[in-house]
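Working notes for the structure below.
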Amino acid sequence: MTGALAAFHEDRPLPGDAIPFGSNSLQHGTAVFEGIRGYAGVDGPALFRLDDHLNRLLDSARLLGVDHDYDLAGLRAHVLSAAAGHGDVYVRPLLTTLDTALGVDLRALRFTLVTGLWPVPGRDVRPSRPARLTVSPWRRPSTASFPVRAKATGSYANSALARTAAVRAGFDDAVQLDPVSGRVAEGTVTNVFLVAGGVVRTPWLADSVLAGITRDSVLRLARDLGLTAEEGPVTEAELRDADEVFLTGTASELVRVGRVDGAEYRAGPVFDALAEAFRRATTGPDEHGWLTPVPA
Ligand code: PMP
């Protein structure tokens with residue numbers, strides 16, 4: 001997400017926008033967070049799949065063993081108040097510690113919610129060139145090394161290594177592999193889909209993959225469209241031989257992939273149909289119960 005931070009909202013007053021230098025989360029990457037999209041929408045501003053994001057935040061905190069005072073209703077009230085009055089926006093609730101105790105024993109630390117908002121340009125002004133990807137030499141963290149289902153700030157050093165190396169080599173982004181199976185896992189901040197013989201496929205969660213909320217939405221939208229949509233093991237060869245490839249994520253939405261290293265993919269009908277279904281699902285009318293209105 002580029003551009004200036006538009007607003008900042010926290011439960012405990014901070015000195016300006018500052019997180020203390022000694023914050024354990026800043027020093028050791030121990031914060032957990034979510035990325036949620038707000039859309040201006042045909043029925044007014046709303047957040048997409050808010051409770052699903054907040055339940056994943058609660059799971060991330062539990063998986064990392066961090067101590068906080070929030071339940072789902074408390075998180076929801078905080079985030080809705082932070083997002084009040086905003087339409088097209090990226091919302092970043094961060095459960096971070098402001099305690100300045102160093103060390104990696106998290107038991108004595110209290111975590112508090114701080115939410116930042118970034119404005120998002122409308123869809124029509126964003127570049128639509130298909131992405132050029134490379135398979136990264138940096139594999140995802142192993143499920144034996146880290147709870148990969150948790151969105152923790154520290155694990156994004158791995159994504160940053162993979163993305164930065166790919167961009168330095170002239171690509172837009174990287175595909176990362178599962179460290180044990182060597183199969184396709186995900187993008188650096190996105191999930192990966194392929195279409196082969198009309199069937200929509202994405203790597204299963206048995207590999208080192210974040211359970212993306214856009215991924216789940218796309219699987220459901222594909223089935224609504226009458227397509228077969230499957231989760232399963234995906235090899236590099238299957239990715240290479242696919243008819244269509246695309247990435248999914250809250251900030252990126254659906255991004256068509258034009259090539260992965262030497263393999264090229266055509267613009268295809270399945271991506272177009274899913275992108276249109278996703279546009280309707282996010283901007284309304286709300287047919288799935290996925291939109292939570294934000295206060296004016
Ligand atoms: N994988 C990774 C590593 C991510 O950071 C993200 C972004 N949250 C995703 C996948 C996509 O998840 P979602 O659709 O929930 O944004």
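Laboratory data are not the source of any read-out in this text; all were calculated from the coordinates shown. Just so it is clear, the structure is predicted and the values come from calculations on it, not from any experiment. Note that each Cβ is placed from the backbone with ideal geometry, even for glycine, and that neighbours are counted across all protein chains shown.
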message: So if I restrict to the alpha-carbon atoms in the chain, what is the Rg, and what is Dmax, the biggest pairwise distance, in Å?
response: 19.1, 56
- request: Set the Förster distance to 30 Å, then compute FRET efficiency between A267 and A169 from the Cβ-Cβ distance, nearest 0.05.
  value: 0.80
Listed residue (A206, A77, P147) projecting farthest to the positive dipole end of segment 67-225, Cβ model: A206
- line: With -39,500 (n - 2.57) per DSSP H segment of 4 or more residues and division by the full residue count of the chain, the 222 nm estimate, nearest 500 deg cm²/dmol, is -8000 deg cm²/dmol
query: In terms of modelled amide H atoms, which long-range or inter-chain residues lie less than 5 Å from the amide H of T97?
result: S25, T112
- prompt: Taking a quarter of the surface of the convex hull around the Cα atoms of segment 154-296, what do you get in nm²?
  reply: 10.0 nm²
- prompt: Taking the Cα centre of segment 156-248 as the origin and placing charges on Cβ (Lys, Arg +1; Asp, Glu -1), which of A157, A242, N191 is farthest toward the positive end of the dipole?
  reply: A157
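Any idea what the dipole of the chain comes to, in debye rounded to 20, about its Cα centre with Lys/Arg Cβ at +1 and Asp/Glu Cβ at -1? Each step should come with its number before you reach the end.
Values: 30 positive and 36 negative charges, 97 e Å.
Roughly 460 debye for the chain.
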statement: A correct Karplus calculation of ³J(HN,Hα) over segment 103-109, with 6.51 cos²θ - 1.76 cosθ + 1.60, θ = phi - 60°, whole Hz and x for Gly and Pro, returns x, 10, 8, 8, 4, 8, 8
field: Karplus 3J(HN,Hα) series, Hz, for segment 134-143 with 6.51 cos²θ - 1.76 cosθ + 1.60 (x for Gly, Pro)
entry: 10, 7, 6, x, 8, 7, 5, x, 6, 5
field: Charged-residue dipole, Cβ positions (Lys, Arg, Asp, Glu), segment 102-228 about Cα centre, Debye nearest 20
entry: 80 debye
